[in-house]
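Peer 1: Got a structure for you, questions after.
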Amino acid sequence: MSLRLTTLAAALLLASSAHAAEQIKVGLLSTLSGPGAGLGVDIRDGFNLAMKHLNGKLGGLPAEVLIADDQQNPDVAKQTADKFLKKDKVDFMTGIVFSNLMLAVGPTVFENKTFYISANAGPSQYAGEQCNPFFFNVAWQNDNLHEAVGKTVHDKGFKNVVIVTPNYPGGKDAVAGFKRYYAPKEAPAGGKGKVVDEIYTKLGQLDYAAELAQIRATKPDALFFFLPGGMGINFVKQFVAAGLSRDTQLFAPGFSADEDIIKAVGAPMMGMFNSSHWAHDMDNAENKRFVADFQKEFGRLPSLYASQGYDAALMMDAAVRDVKGKVDDKAALQKALEAKRFKSVRGDFKFNTNHYPVQNYYLRAISKDATGRVTNKTMGTIFTNHADAYVAQCKMK
Amino acid sequence: MTQLVLEQALNGLQFGLMLFLLAAGLTLVFGIMDCINLAHGSLYMVGAYFVAAAAQAADSFWIGLGAGVAGAAVLGLLLELTLFRQLYKRDHLSQVLATFALILIANEAVRMLWGAQPVMLNPPDALAGPVEIAGFFYPAYRLVIIAFGLAVAGLLYLLVAKSRVGMWVRAGASNREMTEALGINVRNLFTAVFVFGAALCALAGGLLGPLLAVQVGMGESVLILAFVVIIIGGIGSIRGALVGSLIVGTVDTLGRALLPTLLRAALPADAAATLGPTLASILIYLLMAGILFFKPQGLFPARA
């Protein structure tokens, strides 16, 4: 009996005193094939660039980054996440692009008490009632960029707006965010415009002929669309080919008008407005180094996804250093992550009580730069220190 | 409203004619040699990749289209001579298994050669904009697709209905043994048909490439619709494939476009948008079931 007690006590002692890990393992699960692949690839490349800047170490400890493709399929994502958590025993997870996949994977990760640092997906659920100590979003809450567009469209005085978005959690957050600052009922400034039509497409849809005919029939003066990756590329191309750009001004959140899409669509995107928390022309030392090295390494301009992947790695690095490598001490690690002791490429920001950022949002316009390249140019600030709308519903345990 | 319906009808026509390019080859292969080729969609995918690669190398969409179609025809010839010849003698189950394996092989091969990300293919600059017809703008490129589809349909009609080879094909489709007994080498005839089918697949893939995206797995979803088309139209009948394609194309497009609008009267926008396309795809299968109930051999049975 006494022997058993001693063993038990020893076991308890072992469990409570966390040791510094010898190696940090990160599971990067992202969409690397199919129409959404460009997004995941940019997150991965951004993350890898940060690892290169950090000499392959996180918080001074050697790090291993396991990379897997979720194929934009919730089942595949869930299975791979299980493998990362149970077999590889990763210390952090990151990389998921799409909110529906994040919502599918989240419960397993949180149950396993593993910190998830989202480099993109920011579903409203995890910002509000289902907020979780193990979930951090280093990008934004889904609604935020759409709120910023809504405010812009409202301020510019457009009267009839059509919204196009895929029918999934991220798309619904987009509509909610846009309307919160555009539609008369909710607009703080008392808007005069109205949303004349809301078109929901299938996630991953590539042919928009039917939707474009519907838009033509509605004759809006502005169109707000949120179609990430290949969906957006096809939509803009087909929108211009159908001659709709003559009468309708296009607006989009940054992720439907970033460098990945501009590269594929080209000149037809000129004159389009979009919102972002980051831009490649932002003037700070961290960003300049990031943009220059990204171009050197991958031969293209980074998108906001790449900046988020980069920041995710920096965030892990700072937190591991803070806890002196004792990543098993979950409470201390959570505190360290909340403290955010790293310099983001977007400039300064902080985490709210729901682990989502409080930060500035900027207006960008797609135009030609000095070298004649079609790219995003920052035009001004839409929101300063903007928080999300769900934080009040979050009772963080 | 009339303009909306007219534009959607054009969209339906464009979609239907592209389905026809796929269904034409599939129906002949199925009809003449009684061979189920699930890998037909893979030929469409590989053809699209060929067109995209050739267009990039030559820096011209049209040269790319020609070279890609030719490349797919050669691939079709090799496949027929090496693999499909062995499959005709086997039962349907073996054919399904072998051609399903071919889908997996094709997908992996394409992934290895071109990577997992979609390949970009752009239409010629002159066709990237809209043209005005009957008071509204319509994408010029979609009109070109419609023109190609109609031209191929016309060519196939002449070939199958008026030429000697076409007569053999029709004879082979309705009664293969009798045709062979008349001294026609159905085997060589079939090789030609298979190669022609592969070329049509590549043409469809290459034409749709700039509109959609050239990517791994693009053939699978469209293959199901192509099978629906040939079942509605009657296996082995070119005329059936054309009529079936136009019906499926129109029902799908109009359903996708108009049902959500109608449902909006009763339901919130996102629910209507989920239900509309679902009902539209159900509509296609209901249509198929209805046609099979009244005409079990399809609308234009080859073996009447």
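The values are calculated or read from the model by the stated rules, or taken from the named source; none is laboratory data. Here the structure is a predicted model, which means the values were calculated and not measured. Because the Cβ atoms are built from the backbone with ideal geometry, glycine has one as well, and the counts that use them run over all protein chains shown. Only protein heavy atoms, including side chains, enter the accessible area calculation; ligands, DNA and RNA are left aside. Shrake-Rupley method; radii C 1.70, N 1.55, O 1.52, S 1.80 Å.
Peer 1: What 222 nm value per residue comes from the helices of chain B, counting each DSSP H run with n ≥ 4 as -39,500 (n - 2.57) and dividing by all residues, nearest 500 deg cm²/dmol?
Peer 2: Calculated from helices alone, the mean residue ellipticity at 222 nm is -25000 deg cm²/dmol.
Peer 1: If you don't mind, another one. Hey, any idea what % of the protein assembly as shown's accessible area is carbon plus sulfur with a 1.4 Å probe?
Peer 2: Here it works out to 61 percent.
Peer 1: Compute the FRET efficiency between B:ALA266 and A:LYS350 as 1/(1 + (r/R0)^6), taking r as their Cβ-Cβ distance and R0 = 41 Å, and round to the nearest 0.05.
Peer 2: Step by step, r from the Cβ atoms, then E = 0.35.
Peer 1: Another question, if that's okay. Which of these, A:TYR200, A:TYR362, A:TYR116, has the largest mean-square fluctuation under a Gaussian network model of chain A (Cα springs below 10 Å)?
Peer 2: A:TYR200
Peer 1: If the cut-off is a Cα-Cα distance under 19 Å, which lysines reach A:LYS86, setting aside same-chain residues fewer than 8 apart in sequence?
Peer 2: Counting by Cα, and skipping residues close in sequence, A:LYS86 has these lysines nearby: A:LYS25, A:LYS78, A:LYS113, A:LYS330.
Peer 1: Looking at the protein assembly as shown, which Cys residues are left with no other cysteine's beta carbon under 4.7 Å from theirs?
Peer 2: B:CYS35, B:CYS201, each lacking another Cys Cβ under 4.7 Å.
Peer 1: With angles folded into 0 to 90 degrees, how steeply does helix A:143-155 sit against the dominant principal axis of chain A? Use alpha carbons for both and round to 10.
Peer 2: 30 degrees
Peer 1: Test of understanding: in a Gaussian network model of chain A with alpha carbons linked when under 10 Å, which of A:SER118, A:SER33, A:SER276 would top the mean-square fluctuation ranking?
Peer 2: With Cα springs under 10 Å in chain A, the top fluctuation among A:SER118, A:SER33, A:SER276 is at A:SER33.
Peer 1: If you don't mind, another one. Using protein chains only (no ligands, no nucleic acids) and a 1.4 Å probe, work out which residues of the range B:117-163 have their accessible area cut by at least 50 Å² relative to the chain alone.
Peer 2: Buried-area filter returns B:GLN117, B:MET120, B:PRO130, B:PHE137, B:ARG142.
Peer 1: Under 12 Å from a point placed 7 Å out from the Cα of A:GLN23 along the Cα-to-Cβ direction: which residues of the range A:56-78 have their backbone N that close?
Peer 2: A:62-66
Peer 1: Which FRET efficiency value, to the nearest 0.05, do you get for B:PHE293 and B:MET1 by plugging their Cβ-Cβ distance into 1/(1 + (r/R0)^6) with R0 = 30 Å?
Peer 2: Rounded to the nearest 0.05, the efficiency is 0.35.
Peer 1: Another question, then. Residues of the protein assembly as shown: accessible area per residue at 1.4 Å, in Å²?
Peer 2: About 40 Å² of surface per residue is accessible.
Peer 1: Let me ask something else about it. Using the alpha-carbon atoms, what tilt in degrees (0 to 90, nearest 10) does helix B:164-174 show relative to the longest principal axis of chain B?
Peer 2: Orientation of helix B:164-174: about 90 degrees from the principal axis.
Peer 1: Given labels modelled 7 Å from the Cα in the Cβ direction, how far is it in nm from A:ALA267 to A:LYS194?
Peer 2: It is 3.9 nm.
Peer 1: Taking each pair of distinct Cα atoms in the protein assembly as shown once, what is the resulting Kirkwood hydrodynamic radius in Å?
Peer 2: The answer is 27.4 Å.
Peer 1: Taking every pair of Cα atoms in the range A:123-182, average 1/r, invert it to obtain the Kirkwood radius, and report Rg/Rh to two decimals.
Peer 2: Across the range A:123-182, the Cα-based Rg/Rh ratio is 1.05.
Peer 1: Return the residues of the range B:1-23 for which accessible area with all protein chains present is lower than in the chain on its own by 20 Å² or more; set the probe to 1.4 Å and exclude ligands, DNA and RNA.
Peer 2: B:GLN3, B:LEU4, B:GLU7, B:GLN8, B:ASN11
Peer 1: If you take the alpha carbon radius of gyration of the range B:1-129 and divide it by 2.2 N^0.38 Å, what ratio comes out, to two decimals?
Peer 2: Normalised Rg, Cα atoms only: 1.25.
Peer 1: Please report, largest first and rounded to whole Å, the three semi-axes of the ellipsoid equivalent to the range B:55-133, where each semi-axis is the square root of five times an eigenvalue of the C-alpha gyration tensor.
Peer 2: 34, 16, 14
Peer 1: When the helices in chain A are scored as -39500 (n - 2.57) per DSSP H run of 4 or longer and the sum is shared across all residues, what 222 nm value do you end up with, to the nearest 500 deg cm²/dmol?
Peer 2: -12500 deg cm²/dmol
Peer 1: What is the average number of partner chain Cβ atoms found within 10 Å of a Cβ in B:45-52?
Peer 2: Going residue by residue through B:45-52 and averaging, the value is 0.
Peer 1: Determine the relative contact order of the range A:256-397: mean sequence separation of Cα pairs under 8 Å and six or more apart, normalised by residue count, in whole percent.
Peer 2: This gives 28 percent for the range A:256-397.
Peer 1: Just the accessible area for A:ASP293, please: 1.4 Å probe, Å², rounded to the nearest 10?
Peer 2: In the full protein context, A:ASP293 sits at about 40 Å².
Peer 1: What are the residues whose amide H is under 5 Å from the amide H of A:ILE382, where those residues sit 5 or more places off or on another chain and H is modelled from the backbone?
Peer 2: Sorted by chain and number, the residues that satisfy this are A:TYR361, A:TYR362, A:LEU363.
Peer 1: Under a 1.4 angstrom probe, counting protein chains only, how are A:GLU297, B:GLU132, A:GLU22, B:GLU80 ranked by accessible area, largest first?
Peer 2: Result of the area sort, largest leading: A:GLU22, B:GLU132, A:GLU297, B:GLU80.
Peer 1: Which whole number gives the average count of other chain Cβ atoms within 10 Å of the Cβ atoms across peptide B:208-214?
Peer 2: 4
Peer 1: For the range A:177-316, what number of Lys pairs, 8 or more residues apart or on separate chains, have alpha-carbon atoms under 18 Å from each other?
Peer 2: Here the count comes out as 9.
Peer 1: With both partners inside the protein assembly as shown, how many of the DSSP beta bridges are antiparallel, as a percent to the nearest 5?
Peer 2: Of the beta bridges lying entirely in the protein assembly as shown, close to 40 percent run antiparallel.
Peer 1: What aspartates and glutamates does A:LYS159 reach when the alpha-carbon gap must be under 16 Å and sequence neighbours fewer than 8 apart in one chain are set aside?
Peer 2: Straight-distance partners of A:LYS159: A:GLU186, A:ASP197, A:GLU198, A:ASP221, A:ASP247.
Peer 1: Under a straight-distance cross-link criterion of Cα-Cα below 19 Å, which lysines are reachable from A:LYS350, leaving out those fewer than 8 residues away in the same chain?
Peer 2: Qualifying lysines at Cα under 19 Å: A:LYS335, A:LYS340, A:LYS395.
Peer 1: Evaluate peptide A:232-241: per residue, the Cβ atoms of other protein chains within 10 Å of its Cβ; return the mean as an integer.
Peer 2: Average per residue, whole number: 4.
Peer 1: May I pose another question? Taking only C-alpha pairs under 8 Å that are 6+ residues apart, what is the relative contact order of the range B:26-75 in percent?
Peer 2: Contact order relative to length: 28 percent.
Peer 1: While we're here: Under the Karplus relation 6.51 cos²θ - 1.76 cosθ + 1.60, θ = phi - 60°, what is the ordered set of whole-Hz ³J(HN,Hα) values for the range A:362-368, x standing for Gly and Pro?
Peer 2: Once rounded to whole Hz, the list reads 10, 9, 10, 10, 8, 8, 8.
Peer 1: First measure r as the distance between the Cβ atoms of B:ALA126 and A:THR371, then evaluate 1/(1 + (r/R0)^6) with R0 = 30 Å and state the FRET efficiency to the nearest 0.05.
Peer 2: E(calc), rounded to 0.05, equals 0.65.
Peer 1: Please compute, for the alpha-carbon atoms of the range B:109-179, the extent along each of the three principal axes and give them in descending order in Å.
Peer 2: Answer, in whole Å and largest first: 52, 46, 15 Å.
Peer 1: Mind checking the log10 I(q)/I(0) for chain B at q = 0.09, 0.15 Å⁻¹? Debye, one equal scatterer per Cα, no solvent, two decimals.
Peer 2: Results for chain B at q = 0.09, 0.15 Å⁻¹ read -0.46, -1.25.
Peer 1: Send over the per residue convex hull volume for chain A, Cα only, as a whole number of Å³.
Peer 2: Taking the convex hull of the Cα positions in chain A, it is 131 Å³ per residue.
Peer 1: Turning to a different aspect of this structure: Explain nothing, just the number: relative contact order of the range B:1-98, from Cα pairs under 8 Å at least 6 residues apart, as a whole percent.
Peer 2: 23 percent
Peer 1: What is the angle, in °, between the Cα long axis of helix A:330-339 and the longest principal axis of the Cα atoms in chain A? Nearest 10 is fine, range 0 to 90.
Peer 2: 40 degrees
Peer 1: Next up: Distance from a point 7 Å along Cα→Cβ of A:ILE67 to each backbone N in the range A:286-311: keep the residues under 16 Å and list them by number.
Peer 2: Only A:294-300, A:302-303, A:305-311 fall inside the zone, counting backbone N under 16 Å.
Peer 1: Could you put B:ILE105, B:ILE145 in order of accessible surface area, largest first, with the 1.4 Å probe and the full protein assembly present?
Peer 2: Greatest to least solvent exposure: B:ILE105, B:ILE145.
Peer 1: Hey, if we sort B:MET167, A:MET269, B:MET112, B:MET120 by accessible area with the 1.4 Å probe, largest down, what's the order?
Peer 2: B:MET112, B:MET167, B:MET120, A:MET269
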